[in-house]
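I have placed the structure first, in the form of structure tokens, so that the comments after it can refer back to it.
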Amino acid sequence: MRRSAGSWPPTVPKRSRQKAAFWIAAERGKAGFATLQRLARDDKDDHFRRQLTFDFTVTHEPEGINELIRMAHQDPDGGVRGQALFWMAQKAGKKMAGEISSAIENDPDTDVKKKAVFALSQIPDSEGVPKLIGVARNNRNPAVRKQAMFWLGQSHDPRALAFIEEVLTR
């Protein structure tokens, strides 16, 4: 009897489930993507769903980014939402800056907001720097502003340096 990945018995070790999900994402096309999507929506293990966010970056199915967006907005676990934001920045870069910024503004969890700030800092070619400056300047949450300032300082981008100088000389 063959089982689908969505019906693994609870006795299957977590590490085996994680490896299987990765290879399903990488090698099983649309059917593998559908299985991964089902796992991301139905599995009760928050840690396992966090790991699944990476798996959506290795699928060859273009809908993978859409599932990351869904997870970033709708997953009940803040850790999963934060991981989805991180991998969105890694996978789609500048195209995801708006989605990531939306999480900074709208997610109820400060830790998720801080992870979204980090995700902005990871967008290639410093494309997230203008958004980080906006967060540092305008966000109502002081912990989120502080996180944005930290990542601006790490960026070594001249726009970030100019902003930090502006803040220091006001």
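Relative contact order, whole percent, for the chain stands at 13, derived from Cα pairs under 8 Å and 6 or more residues apart. Separation of the stretch 149-164 from the stretch 60-83 is 28 Å, based on Cα centroids. The Rg/Rh ratio of the stretch 4-77, with Rg taken over Cα atoms and Rh as the Kirkwood radius over Cα pairs, comes to 0.92.
For log10 I(q)/I(0) by the Debye sum over Cα atoms at q = 0.15, 0.20 Å⁻¹, the candidate list reads (1) -0.91, -1.19; (2) -0.79, -1.17; (3) -0.95, -1.46; the entry that matches the value derived from this model is (2). The figure for Thr35 is an accessible area of roughly 20 square angstrom, using a 1.4 Å probe on the protein chains alone. In the chain, the longest principal axis of the Cα atoms and the axis of helix 142-155 are about 90 degrees apart. If the segment from Phe48 to Arg137 were pulled out straight at 0.36 nm per residue, it would be longer than the present Cα-Cα gap by 28.5 nm.
In Å², what does the accessible area per residue of the chain work out to with a 1.4 Å probe? That works out to 55 Å² for each residue.
How many percent of the accessible area of the chain is carbon or sulfur, using a 1.4 Å probe?
Working: 4870 of 9350 Å².
Carbon and sulfur together cover 52 percent of it.
For Ala20 and His73, what does the FRET efficiency come to when R0 = 22 Å and r is the distance between their Cβ atoms, rounded to the nearest 0.05? Taking R0 as 22 Å, the efficiency between Ala20 and His73 is 0.25.
Estimated at 0.36 nm per residue, the fully extended path between Phe150 and Glu166 surpasses their Cα-Cα distance by 4.2 nm. For the listed peptides 82-93, 136-147, a ranking on the average number of other beta carbons within 10 Å per residue, highest first, reads 82-93, 136-147.
Dividing the helix sum by the residues of the chain, where each DSSP H run of 4 or more adds -39500 (n - 2.57), gives a mean residue ellipticity at 222 nm of -23000 deg cm²/dmol.
The values are calculated or read from the model by the stated rules, or taken from the named source; none is laboratory data. Predicted, not measured: the structure shown is a model, and the values here were computed from it. Note that each Cβ is placed from the backbone with ideal geometry, even for glycine, and that neighbours are counted across all protein chains shown. Protein only, heavy atoms only, side chains kept; ligands, DNA and RNA dropped before computing areas. Shrake-Rupley method; radii C 1.70, N 1.55, O 1.52, S 1.80 Å.
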